[in-house]
1. Any idea which of (1) in contact (Cβ under 8 Å) with a residue 60 or more places away in the chain; (2) surrounded by 21 or more Cβ atoms within 10 Å (Cβ to Cβ) is the one residue 327 doesn't satisfy?
2. Could you please give the count of residues in the range 69-122 that are more than 16 Å from the ligand (Cβ to nearest atom) and among the basic types (Lys, Arg)?
3. Suppose we filter 92, 111, 136 for residues that are under 20 Å from the mean Cα position of the chain (by Cα) and touching a residue at least 60 places away in the same chain (Cβ under 8 Å); which single one remains?
4. Among the residues of the range 250-264, is any over 22 Å from residue 77 (Cβ atoms) and within 16 Å of the ligand (Cβ to nearest atom)?
5. Can you tell me which of 109, 66, 104 is under 21 Å from residue 177 (Cβ atoms) and either crowded, with 22+ Cβ neighbours inside 10 Å or basic (Lys, Arg) (or both)?
6. Looking at 283, 304 in this structure, which one is touching a Ser or Thr at 6+ places or on another chain (Cβ under 8 Å) and either within 14 Å of the ligand (Cβ to nearest atom) or farther than 18 Å from residue 357 by Cα (or both)?
7. Consider only pairs whose beta carbons are under 7 Å apart and that are at least six residues apart or on different chains; among these, list those whose first residue lies in the range 281-308 and is farther than 27 Å from residue 360 by Cβ and whose second residue is away from the ligand (no atom under 16 Å from the Cβ) and polar (S, T, N, Q).
8. Kindly indicate which of 321, 371 is surrounded by fewer than 24 Cβ atoms within 10 Å (Cβ to Cβ) and either among the hydrophobic types (A, V, I, L, M, F, W, C) or within 16 Å of the ligand (Cβ to nearest atom) (or both).
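The values are calculated or read from the model by the stated rules, or taken from the named source; none is laboratory data. Since we're looking at a predicted model, the values are computed, not measured. Cβ atoms come from the backbone with ideal geometry, glycine included; neighbour counts cover every protein chain shown.
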Amino acid sequence: MMTQAYTGDGNFGAYGGRFVPSALESPLKEVEQAFFQYIEDPEFLRELKDLQKDYVGRSNPLTYARNLSDTLGGAKIYLKREDLNHTGAHKINNCIGQVLLAKRMGKSRIIAETGAGQHGVATATVCALFGIPCTIYMGSEDMSRQSLNVFRMKILGAKVVPATHGRQTLKDAVDAALNDYIENAESTYYLLGSAVGPHPYPLMVRTFQSVIGEEARAQILEKEGRLPDHIVACVGGGSNAIGLFHPFYEDSTVNIIGVEPAGKGLETGEHAASLTLGKKGIIHGFECYTLQDENGEPLPVHSIAAGLDYPGVGPEHCAYKDSGRAEYHSITDAEALDAFLTLSKTEGIIPALESAHAVAYAMKFARTLSKDKIILVNVSGRGDKDVEQVQSMLYKKDLPLTKEVYGF
Ligand SMILES: *Cc1c(COP(=O)(O)O)cnc(C)c1O
């Protein structure tokens with residue numbers, strides 16, 4: 001058996017940990033204790049499973065992308081369809097798990113931070129379901145850029161509070177949410193959206209997202225009678241990727257590939273490739289590969305996909321990288337947009353721009369492989385949310401594309 005990346009005490013090899021103000025030590029220990037207790041509790045697990053089935057719509061399919069595979073002429077590409085979940089992405093898997101935990105802990109209020117608004121919407125959704133009041137912190141700059149998601153959260157009954165400090169984006173929303181948590185930890189549960197942050201969040205989020213890989217592994221065994229040669233997922237904070245990867249960890253014949261956003265190009269500085277170009281440092285309460293300046297301040301990051309522009313990455317991916325269990329590559333905005341259009345045209349599946357990074361890498365790679373190889377790709381979400389953005393980029397010719405090919 002391979003040694004697991006989790007080395008106990010909240011660490012994944014040399015990464016992770018809990019670097020927080022002392023006022024947060026004991027609330028986070030309380031979350032940790034509750035998580036370890038309930039994740040073994042049959043009643044909790046049954047309620048989780050029922051919600052996954054009857055509310056989220058699991059299990060979702062593993063689809064053989066026959067047209068895409070034939071067009072490329074190489075490996076067979078299978079798609080894990082997280083895009084078909086309620087609310088259109090994998091984020092709900094984690095939100096359901098954490099809100100159930102919050103309820104067991106007797107918390108009467110949920111808070112969260114959101115960048116582009118996707119995690120805010122997923123959190124507001126589960127809070128509506130459970131009738132728990134929720135407050136979502138969002139940078140005021142992000143609120144004006146993503147006004148439709150703000151409105152969605154309000155429809156769902158959430159209170160959206162603008163973070164008006166600094167650059168008024170995700171980092172400032174995190175700070176505002178942490179301040180709220182310090183003030184109100186007794187009554188309040190902080191629902192974190194990716195496999196990042198202080199212990200126990202990376203372990204907990206991976207646990208709730210592992211349903212992706214557990215299903216996919218059983219589904220490919222049923223369809224092909226064997227494991228895939230390669231599994232591929234996009235990496236922002238890293239939750240959909242680690243959810244796919246973890247159940248394959250000990251399958252040493254399965255090659256694991258994470259795909260980061262190269263934005264306008266790794267050499268331009270406008271990207272969010274934390275694993276590829278980052279250095280070890282502390283961000284938002286944990287240690288990881290991070291893009292920061294010489295004072296340890298997070299650098300501004302860029303991706304065509306708002307869900308991927310985070311200047312850090314989950315600690316488990318950092319351990320996977322160092323041990324060589326996974327490889328990490330990057331895909332540019334233009335390549336992701338190309339994959340977005342190609343998957344839509346060939347398979348009738350419009351992927352989220354985040355997921356399009358994984359699809360783009362799989363497309364490049366499949367061509368180089370023989371037809372008896374299998375690549376399994378996680379489609380972390382659907383692209384409906386991105387259609388307007390793609391329209392305006394293509395009409396403004398904002399990216400180097402290919403009028404001839406796609407007919408725009
Ligand atoms: C938020 C988001 C991501 C990135 O988050 P991870 O934690 O890296 O999974 C990827 N895909 C979609 C569709 C998202 O909404």
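1. The single condition residue 327 does not satisfy is (2).
2. Within the range 69-122, the first condition is being more than 16 Å from the ligand (Cβ to nearest atom), and the residues that meet it are 69-78, 99-111.
Checking the rest, the ones that are also among the basic types (Lys, Arg) come to 76, 103-104, 107, 109.
Residues in the range 69-122 being more than 16 Å from the ligand (Cβ to nearest atom) and among the basic types (Lys, Arg): 5 in total.
3. 111 is the lone residue from the list that is under 20 Å from the mean Cα position of the chain (by Cα) and touching a residue at least 60 places away in the same chain (Cβ under 8 Å).
4. Looking for residues that are over 22 Å from residue 77 (Cβ atoms) and within 16 Å of the ligand (Cβ to nearest atom), one finds at least one in the range 250-264, hence yes.
5. Only one candidate passes the filter, namely 109.
6. Working: 304 fails: touching a Ser or Thr at 6+ places or on another chain (Cβ under 8 Å).
Every option except 283 fails the conditions.
7. 281/292
8. 321
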